[in-house]
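Here's the structure, in structure tokens; my notes come after.
The values are calculated or read from the model by the stated rules, or taken from the named source; none is laboratory data. Not measured: the values here are computed from a predicted model. Positions of Cβ are backbone-derived with ideal geometry, glycine not excepted, and every protein chain shown enters the neighbour counts.
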Amino acid sequence: WQKFLLRIEKKIKPQNFKIWFKPAQLHSLTQDKLVIKVPNDFSKKWLKGRYLSTIEKEISQLMGCKMTVSFIYHPVKKDVVLEVDVKGGIEIKKKYPKAVLIFLLPPSWQELEKRLNKNFCQISFSFSFIRKSFGIGKS
């Protein structure tokens, strides 16, 4: 895989290599097929559309026989914790600040206020814009 990447790196622009090939990984390699694991469906389509012939040519030369190439991606899975006590929830929030925590009974009024103020009390539009006399912005 490393030899293949070195060959590809010589054939394309450095920024394209960094964006499209650095995140890719070898999934499997058989006598006649290379399967490349990519981080998302967009990368899969881009590599297939723009670089498939280059990839097939380079891997075929490296392996010494005609090779086919395919791409797969596996979305990143996130861990889900379904039930945590109040103290555990606070510790999780400290350790993972971007975690989404759903609670039925908040641990304290301060925690409830902090969560509601942060998530639900921000205005993302201007009332004056909606109330203008001309028609733009009205529904």
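What to note about this one:
Every residue, every condition in (1) at pLDDT 95 or above; (2) part of a helix (DSSP H, G or I); (3) closer than 30 Å to S108 by Cα, yes or no:
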residue	(1), (2), (3)
S28	no, no, no
I36	yes, no, no
E56	yes, yes, no
V76	no, no, no
E83	no, no, yes
I90	no, yes, yes
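- Listed by first and then second residue, the pairs with beta-carbon distance under 8 Å, at least 6 apart or on different chains, first residue in segment 58-87 and closer than 11 Å to K33 by Cβ and of a type in the set (F, W, Y), second surrounded by 13 or more Cβ atoms within 10 Å (Cβ to Cβ) and modelled with pLDDT of 75 or more, form an empty list.
- Residues of segment 1-23 classified as touching a residue at least 24 places away in the same chain (Cβ under 8 Å) and part of a loop (DSSP other than H, G, I, E, B), total: 2
- Residues of segment 22-38 that are more than 14 Å from S70 (Cα to Cα) and surrounded by 12 or more Cβ atoms within 10 Å (Cβ to Cβ): P23 alone.
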